[in-house]
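The values are calculated or read from the model by the stated rules, or taken from the named source; none is laboratory data. This one's a predicted model, so the numbers in the text were calculated from it and none came from an experiment. Note that each Cβ is placed from the backbone with ideal geometry, even for glycine, and that neighbours are counted across all protein chains shown.
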Amino acid sequence: MKFGVLVFPGSNCDHDAYWTIQQVAKQPVTFLWHESHDLENCDAIIVPGGFAYGDYLRTGAIAKFSPVMESVSKFAAGGGLVLGICNGFQILCEAGLLPGALTRNAGLKYVCKPVDVRVENTETPFTNACRQGEVLTIPIGHMDGNYFCDETTLAELQRENRIVFRYCEATGQISQSANPNGSLDNIAGICSAGRNVLGMMPHPERLSEPELGGVDGFKIFTSLVGALAAK
């Protein structure tokens, strides 16, 4: 199996994702430049965090037009696994690979801290190593993490069990006080109808080694490796 990590002007978590895959998950990985259409026969694509194209206009608005995203869209349409983290989640929504949008945080402040998220769906390639209802502690770092969609889309996400992570208390209780950015329905991550595309605001690569203070985030990468190995 082979992973690809996208690199845009302004990406700043690309090397973190690369390190986690290569040094922790021990899997082949390559960087994929934004100006290239070539995904280099990768089996899974990571759209990392950062500020693609400086977040000009709005987060992900320019990145969605990049040549590499055209290829990623085709890859995803064919069932390829795509994980968008933070800015990557924003890009996936702008590109139409996931519904809804990420808007300015409630309170209009940048939020950077560990948060607790509850695993709502373990039947995805990104969460198969988790337990249903498991609480993971994973850091966030964003200004525009407030997930929003219309009522019809929210009902569809709920009905199809496509809300994968929700912000919660350490006990697993869903509460407004546990919501760091005002996201609708405490949404921290969602998947596509085919379950092969996931967008999440928390940064699993930032908590994937004991040296970083915990390994809860590594369960996302463990799940991906397991899903690819099972193909």
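Look at V72 and say whether it is touching a residue at least 60 places away in the same chain (Cβ under 8 Å) and β-branched (V, I, T).
Yes, satisfied.
Please identify the pairs in which a residue from segment 2-16 that is at positive phi and touching a residue at least 40 places away in the same chain (Cβ under 8 Å) has its Cβ atom under 8 Å from the Cβ atom of a residue that is in a loop (DSSP other than H, G, I, E, B) and not β-branched (V, I, T), counting only partners at least 6 apart or on another chain.
Correct list of pairs: G10/F51.
Sort out which residues of segment 121-144 are more than 19 Å from V82 (Cα to Cα) and of a type outside the set (S, T, N, Q), and write them in order of number.
Result: R131, G133, E134, V135, L136, I138, P139, I140, G141, H142, M143, D144.
Evaluate the following for G182: is it closer than 27 Å to G96 by Cβ, surrounded by 22 or more Cβ atoms within 10 Å (Cβ to Cβ), among the small types (G, A, S) and modelled with pLDDT of 95 or more?
no
In segment 138-174, what count of residues is obtained for those that are touching a helix residue (DSSP H, G or I) at 6+ places or on another chain (Cβ under 7 Å) and closer than 18 Å to K219 by Cβ?
Selection size over segment 138-174: 6.
For every residue, the table says whether it meets (1) surrounded by fewer than 23 Cβ atoms within 10 Å (Cβ to Cβ); (2) more than 12 Å from the chain's Cα centre (by Cα); (3) among the hydrophobic types (A, V, I, L, M, F, W, C).
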site: R166; (1), (2), (3): yes, yes, no
site: Q173; (1), (2), (3): yes, yes, no
site: G194; (1), (2), (3): yes, yes, no
site: V197; (1), (2), (3): no, no, yes
site: M201; (1), (2), (3): no, no, yes
site: E205; (1), (2), (3): no, no, no
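Need at least 1 residues that are at pLDDT 95 or above and either in contact with a Pro (Cβ under 7 Å, 6 or more places away or on another chain) or more than 17 Å from S192 (Cα to Cα) (or both) per element, so show me which strands (runs of 3 or more DSSP E) inside segment 1-89 make the cut, counting only ones lying wholly within it.
Per the criteria, 3-7, 29-33, 81-85.
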